[in-house]
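The values are calculated or read from the model by the stated rules, or taken from the named source; none is laboratory data. Quantities reported herein were computed from a predicted structural model and do not represent experimental measurements. A quick note on method: Cβ atoms are made from the backbone with ideal geometry, for glycine too, and the neighbour counts reach across all protein chains shown. Only protein heavy atoms, including side chains, enter the accessible area calculation; ligands, DNA and RNA are left aside. Shrake-Rupley method; radii C 1.70, N 1.55, O 1.52, S 1.80 Å.
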Amino acid sequence: KQIQAGTGGDLQIYHDGTDSIIKNTNGNLYISTSADDKDVIIQSDDGSGSLATYMQFDGSDTRIAVFKETRFYDNVKAVFGNSADLQIYHDTSNSVITNSTGHLTIQNSADDSDIVFKSDDGSGGVAEYFRLDGSEAQNRFSKHVKLSDSVILRIGTGNDLQLTHNGTNSVISNHTGDLQIT
C-alpha cells in the first residue's frame, strides 16, 4: 500500500516488501525543520546493530556536521567554489588536486608546527623528503635535491649568485660584490 499526496499522487511513501521508499515525481523534494535552533539528523545502522548519526544539519550552529567517513569513488570530484575552482579526486591511478583560479595556498596555522612532505622511500616504506619548519622558520631537506641540466639555482633577492650545470660544465656566477669561499 502507498501513502500518496498531491493531485497525481506526486509524493509516495511505501514499502515494497524489502525497502522503504519516499518518492517524489514532480517538483523538488524538501526535507526541513522550521523549529528554532533544531536540526535535521540522518541516522543509520552503525554496522553492529546500533543506531549512529551519520550527518547532522545543525540549525543552531548553521553548519553541516559529518560523523562518518565520506567516500568519493574513482573519478568523482569533491568540488569547491561557485565555478568548481578547486577539485580533489582520484582517477583510478592517481590522486589529483586541481586549482583553476588564483593561488593554491597550503597553510599550517598551528604555532611552531611544520608542513611535512613524505613519499615512498624506495623500499616499501615512507620517508620525509622535506618540511617547512614553522618553529625555526626554514626549509629542511631530508633527501638529496637534484636539479636537471641547465636549471639554475638562484640565490639572493636579485638572483646575485647562480649555480648551474649545463650538461658539460659547472658554472658559478656571482653578479654582485665578492665571491668568497672560506
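Within the listed set Ser93, Ser44, Ser170, the Gaussian network model of the chain (springs between alpha-carbon atoms below 10 Å) gives the highest mean-square fluctuation for Ser170. Can you list the lysines whose alpha carbon is less than 21 Å from that of Lys23, not counting same-chain residues fewer than 8 positions off? Those lysines meeting the cut-off are Lys1. Each part reduced to its alpha carbon centroid, the stretch 111-182 and the stretch 70-86 end up 34 Å apart. When the alpha carbon gyration tensor of the stretch 54-97 is reduced to an equivalent ellipsoid, the three semi-axes, largest first, read 25, 15, 6 Å. Remark: the stretch 59-175 carries 81 Å² of accessible area per residue (probe radius 1.4 Å; ligands, DNA and RNA excluded). Would you mind classifying the stretch 84-157 by shape? Square roots of the alpha carbon gyration tensor eigenvalues, ordered a ≥ b ≥ c; an a/c under 1.5 is rounded, otherwise it is prolate if a/b is larger than b/c and oblate if not. It is rounded, given that a/c, with a ≥ b ≥ c, falls under 1.5. When the P(r) of the stretch 1-92 is calculated, the portion above 17 Å amounts to 72% of the C-alpha pairs.
Listed by chain and number, the aspartates and glutamates whose alpha-carbon sits under 15 Å from that of Lys68, ignoring those within fewer than 8 places in the same chain, are Asp45, Asp46.
Comparing Ser95, Ser48, Ser113 in a Gaussian network model of the chain (Cα springs below 10 Å), the most mobile by mean-square fluctuation is Ser48. About its Cα centre, the chain has a charge dipole of approximately 460 debye under the convention of +1 per Lys or Arg Cβ and -1 per Asp or Glu Cβ, with nothing else charged. Out of these labelled values of Cα Rg over 2.2 N^0.38 Å, [x] 1.17; [y] 1.67; [z] 1.79, which was calculated from the coordinates shown here? It is the value labelled [z].
Projected over all directions and averaged, the alpha-carbon convex hull of the stretch 116-182 occupies 7.1 nm². Computed over neighbours whose Cβ is under 11 Å from that of Lys118, the net charge equals -1, Lys and Arg +1, Asp and Glu -1. Taking the accessible area of the chain, probe 1.4 Å, and keeping the other protein chains in place, the carbon and sulfur fraction comes to 47%. The magnitude of the dipole of the stretch 1-66, with charges of +1 and -1 set on the Cβ of Lys/Arg and Asp/Glu and taken from the Cα centre, is near 260 debye.
Farthest toward the positive end of the dipole of the chain, out of Thr62, Gly167, Gln107, is the Cα of Gly167, where the dipole comes from beta carbon charges about the Cα centre. Across Gly81, Gly47, Gly134, mean-square fluctuation computed from a Gaussian network of the chain (C-alpha pairs under 10 Å connected) peaks at Gly47.
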